Amino acid sequence: MNIKVIAFDADDTLWVNEPFFRETELDFCRMLEAYLPEHATLRELLKIEIANMPLYGYGIKGFMLSMIETALTVTDKTIDLTAIEKIIALGKEMLEKPVELLEGVEEVVSALKGKYRLVMATKGDLLDQERKLKKSGLEQHFHHIEIMSDKKESDYLKLIRHLDIQPEEFLMIGNSLKSDILPVLNIGGKAIHVPFHTTWVHEMVESNIEHPDFKECASLKEILPVLL
C-alpha cells in the first residue's frame, strides 16, 4: 500500500467519548420524567440536536444548549431555573471528564510513528478536543492535528491538499462508517473501520462495504499487522 499519511479519528477511536453522552442523557431524562417517558425525551432531544447542528456543530457545548432547548420544549417553558442550572452543570461535568484511552492506543501510535506521518483528524468543539488531546499525552505522536467542523468529502479533500499528498496516499482509521470511512473511500483514499460498542444514532448507517481499499479490524491493535 502506497500510504504516506495515517489519520486517526479521536472520539471513540483513541479515547472514550460516546458513553459519557449516554450517561448524561439518562440523567437528563430523569429530570424530565414527570413530563415525558425516557424514550420520548430522547427522541425530542435527538430531533433538536440535529436541527441545531448547522448552528452549533458537534460537541458538548452544543449538546448542552440542545438539552436546555429540549427541556424548555418538553415542559412548555415551565421548567424552573434550578433545572436549567443542573443541565449546565451536567455539561460542565462532561467537559471536565478525564481522558480514558482505549486499549492499545499508545502501543499502536508509537509503533507507527516514524514509519508514516500520523495525523489526528476529528470533529467537534475546538477547545474541548484540544483539552482532551493535551490530557491524553498523545500529542507528541502526531505530525498534524485537524479539528474539523464536519467530516464530509470536501473536508477530507481540504486536509489532503494541506498535507500535500494524493488521496490514495491517505489512510483514515475510525469508528464511524458515516464520518470516518465512507467519505474517504469516496474521494479515493483508504480506510480502516475499528467499531466501538456505542455509536450515536446520528452517526449510524446501514452499509455493507465491499471496497478494495476498505478493511475492518475488531481492535486498534489489529491494524499493526496490516501496516507494519
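None of the figures in this text is laboratory data; all of them are computed from the coordinates on show. These figures come from a predicted structure and were not determined experimentally. All Cβ positions, glycine included, derive from the backbone under ideal geometry; neighbour counts span all protein chains shown.
I need to check one value: relative contact order of the range 133-184, counting alpha carbon pairs closer than 8 Å and at least 6 residues apart, in percent.
Once normalised by length, the contact order is 32 percent.
With angles folded into 0 to 90 degrees, how steeply does helix 126-136 sit against the dominant principal axis of the chain? Use alpha carbons for both and round to 10.
60 degrees
In this model, which of LYS92/LYS134; LYS113/LYS151; LYS61/LYS132; LYS158/LYS178 are farther than 21 Å apart at the alpha-carbon?
Details: LYS92/LYS134 18 Å; LYS113/LYS151 24 Å; LYS61/LYS132 14 Å; LYS158/LYS178 18 Å.
Too far apart for the 21 Å limit: LYS113/LYS151.
Quick one: of the DSSP bridges fully inside the chain, what percent are antiparallel, nearest 5? Could the numbers behind the result be given before it?
Details: 1 of 23 bridges.
Roughly 5 percent of the DSSP beta bridges within the chain come out antiparallel.
Assigning unit charges at the beta carbon (Lys, Arg +1; Asp, Glu -1) and nothing else, what dipole magnitude in debye, to the nearest 20, does the chain show about its Cα centre?
Magnitude of the dipole: close to 600 debye.
Counting other beta carbons within 10 Å of each Cβ, put ARG117, ARG161 in order, fewest first. Display every interim value, and only then the final one.
Working: ARG117 19, ARG161 10.
Ascending number of Cβ neighbours within 10 Å: ARG161, ARG117.
Between the range 166-187 and the range 104-137, how far is it from one alpha carbon centroid to the other, in angstrom?
17 Å
Of LYS178, LYS151, LYS158, how do they rank once you tally other Cβ atoms within 10 Å and put the fewest first?
Working: LYS178 16, LYS151 26, LYS158 13.
Result, fewest neighbours first: LYS158, LYS178, LYS151.
Can you pull the one-decimal nm distance between simple spin-label points at LYS92 and ALA111, each 7 Å off the Cα toward Cβ?
Reported label-point gap for LYS92 and ALA111 is 4.3 nm.
So which aspartates and glutamates can LYS47 reach, going by Cα to Cα under 15 Å and dropping same-chain residues fewer than 8 places off?
Straight-line reach from LYS47, under 15 Å: GLU25, GLU38, GLU69, GLU203.
Please report, in debye to the nearest 20, how large the charge dipole of the range 1-85 is about its Cα centre when each Lys and Arg carries +1 at its beta carbon and each Asp and Glu carries -1 there.
It comes to approximately 300 debye.
Using a Gaussian network model on the chain with a 10 Å cutoff between Cα atoms, which of THR70, THR78, THR122 fluctuates the most?
THR78
In what sequence do HIS193, HIS162 fall when counting other Cβ within 10 Å, fewest first? Display every interim value, and only then the final one.
On the way: HIS193 19, HIS162 11.
Ordered by Cβ neighbours within 10 Å, fewest first: HIS162, HIS193.
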